[in-house]
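Data first, discussion second: the structure below is written as structure tokens.
The values are calculated or read from the model by the stated rules, or taken from the named source; none is laboratory data. The shown structure was predicted, so the numbers you read here are calculated from the model rather than taken from an experiment. Note that we place each Cβ from the backbone using ideal geometry, even for glycine, and neighbour counts take in every protein chain shown.
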Amino acid sequence: MKKPLTLSLILLTLSAPALVLAQSPTASQKALTQARAALSQAQAAQAARTAQAASASKSAAPLAQVQPAAVAATPAPASVLQPGAWTNASLNAATFVVLAASMDGEPDTFSADQQRILLTAMQHDLQGAVTRKYPAAKFVTDPNTPGAIVMHPVLTVPVALVPWNSFQARVEIRQNGGNAVLKDTFGVLELYQHQADAANYVFDKLVAKLP
């Protein structure tokens, strides 16, 4: 059964008329006067700060007497997977685990039932995208399988399904303690055009970034 990207809500949103707010000439003139006054105040404040800084620099201690600030300790970077370590052959022979999908951003843009459908489609279609690129790949369900490439699909949902908004899709990957991320941005209209195949389209594009 196809898993539609709940596009009825998109269609409804796209049909809503845009609201255009117009200012009267009187309101525009008043706003211009206020802006000019604010600019004058800002220029005066900047001049005062410049004068104060110049005065302070005359009485500052010589450079040799100034103690250097302590250098903040830089935390050790997290282990990152190097794309060069993967080849098409090694990934085709790899073992994958596709975790349950999740959403962030504004998931309440969709109803609870729509979220359930989308999350199921994301997990299923990410595995399908990997299978299409690497036909010999194996899939298991235990993320602790030694050497397995563990994938977690995530969709960042915009606050409204309007033509100028976008989704961000990413696949968080870990293997042997290292981490990597595949991500891309997809417009609302772009996904609407693919309708029931939208999740396949998204993950085919993300998996295409792999060797």
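Can you pull out every residue in the stretch 185-211 that is closer than 21 Å to ALA137 by Cβ and not hydroxyl-bearing (Ser, Thr, Tyr)?
Of everything in the stretch 185-211, those that are closer than 21 Å to ALA137 by Cβ and not hydroxyl-bearing (Ser, Thr, Tyr) turn out to be ALA199, ASN200, VAL202, PHE203, ASP204, LYS205, LEU206, VAL207, ALA208, LYS209, LEU210, PRO211.
Only one of these conditions is not met by ARG170: (1) touching a residue at least 12 places away in the same chain (Cβ under 8 Å); (2) surrounded by fewer than 17 Cβ atoms within 10 Å (Cβ to Cβ). Which number is it?
Here ARG170 clears every test but (2).
Those residues that are within 15 Å of ALA101 (Cα to Cα) and among the acidic types (Asp, Glu), I need them from the stretch 158-189; list them, please.
Once the filter is applied, which keeps residues that are within 15 Å of ALA101 (Cα to Cα) and among the acidic types (Asp, Glu), the stretch 158-189 yields only GLU172.
Return the residues of the stretch 155-175 that are at pLDDT 95 or above and closer than 19 Å to ILE117 by Cβ; say none if nothing qualifies.
Those that are at pLDDT 95 or above and closer than 19 Å to ILE117 by Cβ: LEU155, THR156, VAL157, PRO158, PHE167, ALA169.
Which of the residues spanning the stretch 88-103 are buried (at least 18 other Cβ atoms within 10 Å of the Cβ) and among the β-branched types (Val, Ile, Thr)?
Answer for the stretch 88-103, where residues must be buried (at least 18 other Cβ atoms within 10 Å of the Cβ) and among the β-branched types (Val, Ile, Thr): VAL97, VAL98.
Of all residues in the stretch 178-211, which are of a type in the set (Phe, Trp, Tyr) and assigned to a strand (DSSP E or B)? So that I can check it myself, show each step before the final result.
Initial filter on the stretch 178-211 (of a type in the set (Phe, Trp, Tyr)): 186, 192, 201, 203.
Of everything in the stretch 178-211, just one residue is of a type in the set (Phe, Trp, Tyr) and assigned to a strand (DSSP E or B), namely PHE186.
List every residue pair whose Cβ atoms lie under 6 Å apart, where the two residues are 6 or more positions apart in sequence or sit on different chains, the first residue falls within the stretch 108-123 and is touching a residue at least 60 places away in the same chain (Cβ under 8 Å), and the second residue, located anywhere, is surrounded by 14 or more Cβ atoms within 10 Å (Cβ to Cβ) and assigned to a helix (DSSP H, G or I).
If the second residue must be surrounded by 14 or more Cβ atoms within 10 Å (Cβ to Cβ) and assigned to a helix (DSSP H, G or I), the pairs left are ALA121/ALA199; MET122/ALA199.
Going by the conditions given, is LEU118 under 22 Å from ARG174 (Cβ atoms) and within 20 Å of the chain's Cα centre (by Cα)?
The answer is no for LEU118.
If I go through the stretch 97-115 residue by residue, how many of them are more than 15 Å from ALA199 (Cα to Cα) and under 21 Å from the mean Cα position of the chain (by Cα)?
Residues in the stretch 97-115 being more than 15 Å from ALA199 (Cα to Cα) and under 21 Å from the mean Cα position of the chain (by Cα): 8 in total.
Output the residues belonging to the stretch 117-155 that are of a type in the set (S, T, N, Q) and in a helix (DSSP H, G or I). Before you say what the answer is, go through the steps one by one.
To start, the set of residues in the stretch 117-155 that are of a type in the set (S, T, N, Q) comprises 120, 123, 127, 131, 141, 144-145.
If the condition is that a residue be of a type in the set (S, T, N, Q) and in a helix (DSSP H, G or I), then THR120, GLN123, GLN127, THR131 are the ones that fit.
Looking at GLY178, GLY147, which is the one that is over 21 Å from THR120 (Cα atoms), touching a residue at least 60 places away in the same chain (Cβ under 8 Å), surrounded by fewer than 16 Cβ atoms within 10 Å (Cβ to Cβ) and among the small types (Gly, Ala, Ser)?
After ruling out the rest, the residue left standing is GLY178.
Just give me the residues in the stretch 181-211 being more than 15 Å from VAL130 (Cβ to Cβ), crowded, with 17+ Cβ neighbours inside 10 Å and among the aliphatic types (A, V, I, L, M), in sequence order.
Across the stretch 181-211, the qualifying residues are VAL188, LEU191, ALA198.
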